[in-house]
Amino acid sequence: MSNKPKLETTILGNTGLSITRFGAGGHFTNGPLAHEDIPRRVRELNHLLDIGVTYFDVQWEPEEDATAEMMKTRRDEFTVAWPLHGVTQRGGEITEKYIIDYCNDHRSRYDVPHVDILLWVALELYEETQEKVMDVVRSAFAKLKEDGFCDYVAFSCHHSPEMAICGIETGDFDMVMVPYCALHPVAEREVFKAAKAKGMGTVGMKPFGGAGGFFAKVWSGEVTHPEIDKWKDSKRPFEAAMRWVMQNKEMDCTVPAAHSIQQVDELFNAVQQPFNGEDEEILNTMKRVMNEVDVTLQLKGKTGIPGRWD
């Protein structure tokens with residue numbers, strides 16, 4: 001019998017999908033070590049499956065290419081959330097035709113006939129138009145389900161907790177994905193509770209605050225302070241952040257970004273241990289310094305005016 005550590009699993013909301021609470025999201029896509037070597041990406045995704053990760057949140061090319069390649073050989077080993085981009089009022093009218101054409105294009109381009117979850121990336125709803133938008137989106141999603149492209153539908157939201165809750169209350173979604181970090185914990189207090197009340201799955205993205213967040217500012221050298229300089233070249237704050245999010249059982253899954261197999265393995269090992277006193281000290285110090293140096297506390301999305309998540 002193998003003594004290799006195993007990842008904690010859970011059921012994603014009311015979907016019945018069994019997934020690992022440590023997922024893969026935005027892996028090898030963003031940041032200074034991002035690359036477009038598809039065979040290398042496939043090897044990296046294979047490694048994630050080999051250590052037991054069973055939830056993949058896909059974002060942009062070439063990640064779509066690599067994941068589609070994996071789906072040809074190991075499809076039954078993971079749950080995939082496939083992206084739906086461009087459904088935004090900033091780009092004009094939201095139409096059913098655009099949504100269906102987009103998915104049909106991906107089905108053809110990537111040879112992906114079916115995905116578990118279709119993820120509306122960066123949900124955008126406003127009071128004066130939300131009813132019309134949701135009518136269009138519901139109709140499109142119903143047709144895509146009927147056609148067999150997806151089993152479940154979900155959304156991510158970067159704008160604000162209020163907009164995320166609006167999506168939860170007005171839509172017929174199976175899952176929600178929002179920023180969730182020890183430095184920005186509002187998702188736990190508001191969004192996750194609202195989603196769970198409706199039986200929705202919950203995924204926390206940006207556990208380190210995102211590419212423009214405080215963690216990144218510290219390790220890039222943009223922010224310096226005597227109290228945090230000792231951790232500048234250490235992996236401990238990242239480990240602490242992972243263990244902090246994993247202790248919240250209202251969050252089904254977290255999807256940390258990583259830019260090497262080594263980083264994946266470090267995070268894998270980190271979540272095998274419970275959140276502890278040293279973790280709490282590290283994160284409390286970072287919160288205190290973050291407020292002291294007056295770094296912007298917003299997590300900025302790709303569209304609209306960013307909202308506060310703290």
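Computed from the coordinates by the stated procedures, all read-outs in this text should not be read as laboratory data. It should be emphasised that the depicted structure is a prediction, and the values quoted were computed from it without experimental measurement. Note that we place each Cβ from the backbone using ideal geometry, even for glycine, and neighbour counts take in every protein chain shown.
Quick check on my link table: of Lys4/Lys249; Lys198/Lys249; Lys6/Lys230; Lys230/Lys287; Lys72/Lys193, which ones sit more than 26 Å apart, alpha carbon to alpha carbon? Flagged as over cut-off: Lys6/Lys230; Lys72/Lys193. Measure nothing fancy, just the Cα-based angle from helix 63-74's long axis to the longest principal axis of the chain, in degrees from 0 to 90, nearest 10. Value to nearest ten degrees: 80.
With K and R counted +1 and D and E -1, the other residues having a Cβ less than 14 Å from that of Gly13 yield a net charge of -1. Working ranking of peptides 112-120, 149-157 by packing, defined as the average number of other Cβ atoms within 10 Å per residue, highest first, is 149-157, 112-120. Straight-line cross-link reach from Lys132 at under 21 Å between alpha-carbon atoms covers these lysines, not counting any fewer than eight positions away in the same chain: Lys97, Lys143, Lys145.
Taking the longest Cα principal axis of the chain as reference, the axis of helix 130-146 is set at about 80 degrees. For Ile165, the shell of other residues with beta-carbons less than 10 Å away shows a net charge of -2, using +1 for Lys and Arg and -1 for Asp and Glu.
Rg/Rh for segment 236-296 stands at 1.01; both radii use Cα atoms, and Rh follows the Kirkwood definition. Given the chain, what percent of its DSSP beta bridges are antiparallel, to the nearest 5? Of the beta bridges lying entirely in the chain, close to 15 percent run antiparallel.
Cα centroid separation, segment 228-286 to segment 149-222: 18 Å. Evaluated over the Cα positions of segment 181-254, the convex hull gives a direction-averaged projected area, one quarter of its surface, of 5.1 nm².
With K and R counted +1 and D and E -1, the other residues having a Cβ less than 13 Å from that of Phe141 yield a net charge of -4.
The helix-based estimate of mean residue ellipticity at 222 nm for the chain, built from -39,500 (n - 2.57) per DSSP H run of four or more residues and divided by its residue count, is -11500 deg cm²/dmol to the nearest 500. Helix 96-109 and the longest principal axis of the Cα set of the chain meet at an angle near 70°. The packing ranking, built from the mean of other Cβ atoms within 10 Å per residue, places the peptides 12-19, 139-146 in the order 12-19, 139-146, highest first.
How large is Rg over Rh for the chain, taking Rg from the Cα atoms and Rh as the Kirkwood inverse mean of 1/r across Cα pairs? Taking Rg over the Kirkwood Rh, I get 0.95. Per-residue Karplus couplings for segment 257-262, computed as 6.51 cos²θ - 1.76 cosθ + 1.60 with θ equal to phi - 60°, are listed in order as 7, 8, 10, 6, 4, 4 Hz, Gly and Pro entered as x.
The convex hull around the C-alpha trace of segment 1-155, projected and averaged over every direction, spans 11.0 square nanometres. Scattering from segment 78-164 was approximated by placing one identical point on each alpha carbon and applying the Debye formula without solvent; log10 I(q)/I(0) at 0.20, 0.21 1/Å stands at -0.94, -1.03.
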